[in-house]
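Each remark here refers to the structure printed beneath this line.
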């Protein structure tokens with residue numbers, strides 16, 4: 001009983017610690033700049049929609065959200081198309097050295113690649129296009145999806161695929177008809193995490209985008225200037241950017257948990 005109460009208290013405390021910044025952000029979106037910077041103004045104040053009105057008036061944040069959605073969806077889909085079959089091959093045929101090489105992409109700091117990437121993409125005339133954003137985001141998404149799915153495929157019973165091959169399926173046919181449907185929860189989990197990583201990516205978008213292709217994180221940065229910061233507008237724009245991810249997490253929570261735990265044990 002005491003252990004249960006202690007566990008509940010710890011869960012509540014940790015949840016409050018992680019939720020407090022988000023609650024403060026949403027509350028600040030309904031405050032004036034004076035109220036945001038006034039420590040005496042807590043969660044009880046007269047809310048205003050002025051910040052949202054100003055942010056939505058010029059349509060810049062809506063265009064940025066559209067760009068983030070486009071880049072996130074396309075980069076995630078392409079990454080899944082590449083990484084899921086690769087993860088199956090690594091898991092089924094013991095190609096762990098190849099998988100380790102891909103892991104290097106997760107270890108190498110992305111900032112160290114910005115200069116050579118910018119030079120190459122500039123020579124190809126891609127800087128400022130959606131293509132360069134999608135390619136750069138795939139550098140993060142492909143290794144992420146690959147390493148989540150390797151453990152998932154290793155947890156699936158190999159006997160099912162062997163039975164399919166006995167019935168005449170090729171190795172890749174067994175993957176498409178047997179392993180891939182069984183791996184749907186893991187694929188969904190990895191894809192959601194990759195999309196969130198793309199949605200929140202700031203560094204690549206800051207360097208490779210222009211005014212027409214900039215994503216939401218870069219647009220948020222525009223509220224910060226040398227002389228001052230529009231805290232109300234920044235919090236309103238950040239709230240608009242956060243809402244889609246929060247909604248996706250709430251409705252996909254069951255699938256995320258199932259996918260993350262399904263590959264924890266091997267069949």
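The values are calculated or read from the model by the stated rules, or taken from the named source; none is laboratory data. Everything quoted here is computed from the prediction, not taken from an experiment. All Cβ positions, glycine included, derive from the backbone under ideal geometry; neighbour counts span all protein chains shown.
For this structure, a couple of remarks:
- Qualifying residues in segment 34-54 (those that are in contact with a helix residue (DSSP H, G or I) (Cβ under 7 Å, 6 or more places away or on another chain) and within 11 Å of residue 236 (Cβ to Cβ)) - the one surrounded by the most Cβ atoms within 10 Å (Cβ to Cβ): 51
- Annotation note: of 89, 57, the sole residue that is out of contact with any helix residue (DSSP H, G or I) (no Cβ under 6 Å at 6 or more places or on another chain), free of Cβ contacts under 8 Å to residues at least 24 places away in the same chain and surrounded by 15 or more Cβ atoms within 10 Å (Cβ to Cβ) is 89.
- Residue satisfying condition, being loosely packed, with under 13 Cβ neighbours inside 10 Å and farther than 30 Å from residue 178 by Cα, within set 81, 17: 17
- Any hit, segment 195-210, residues being out of contact with any helix residue (DSSP H, G or I) (no Cβ under 7 Å at 6 or more places or on another chain) and touching a residue at least 40 places away in the same chain (Cβ under 8 Å): yes
- Of the residues in segment 169-183, not one is under 19 Å from the mean Cα position of the chain (by Cα), surrounded by fewer than 19 Cβ atoms within 10 Å (Cβ to Cβ) and in a loop (DSSP other than H, G, I, E, B).
One line per residue, one yes/no per condition, for (1) at pLDDT below 85; (2) in contact with a strand residue (DSSP E or B) (Cβ under 7 Å, 6 or more places away or on another chain); (3) within 17 Å of residue 219 (Cβ to Cβ):
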residue: 4; (1), (2), (3): yes, no, no
residue: 13; (1), (2), (3): no, no, no
residue: 24; (1), (2), (3): no, no, no
residue: 27; (1), (2), (3): no, no, no
residue: 30; (1), (2), (3): no, no, no
residue: 52; (1), (2), (3): no, no, yes
residue: 79; (1), (2), (3): no, no, no
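- The set of residues in segment 241-267 that are modelled with pLDDT of 80 or more and surrounded by 13 or more Cβ atoms within 10 Å (Cβ to Cβ) comprises 241, 242, 244, 245.
- Qualifying positions in segment 223-233 - within 17 Å of residue 59 (Cβ to Cβ) and surrounded by 20 or more Cβ atoms within 10 Å (Cβ to Cβ): 233
- Criterion violated by residue 66 - all others in (1) surrounded by fewer than 19 Cβ atoms within 10 Å (Cβ to Cβ); (2) closer than 30 Å to residue 129 by Cβ; (3) in contact (Cβ under 8 Å) with a residue 12 or more places away in the chain satisfied: (3)
- All positions within segment 104-115 that are free of Cβ contacts under 8 Å to residues at least 60 places away in the same chain and under 18 Å from the mean Cα position of the chain (by Cα): 105, 106, 107, 109
- Residue satisfying all of: in segment 124-141; at pLDDT below 90 and assigned to a helix (DSSP H, G or I); nearest to the chain's Cα centre (by Cα) among these: 140
- Test: residue in segment 2-21 that is under 23 Å from the mean Cα position of the chain (by Cα) and in contact (Cβ under 8 Å) with a residue 60 or more places away in the chain: no
- Tallying residues that are assigned to a helix (DSSP H, G or I), farther than 16 Å from residue 33 by Cα and at pLDDT below 90 within segment 221-240 yields 1.
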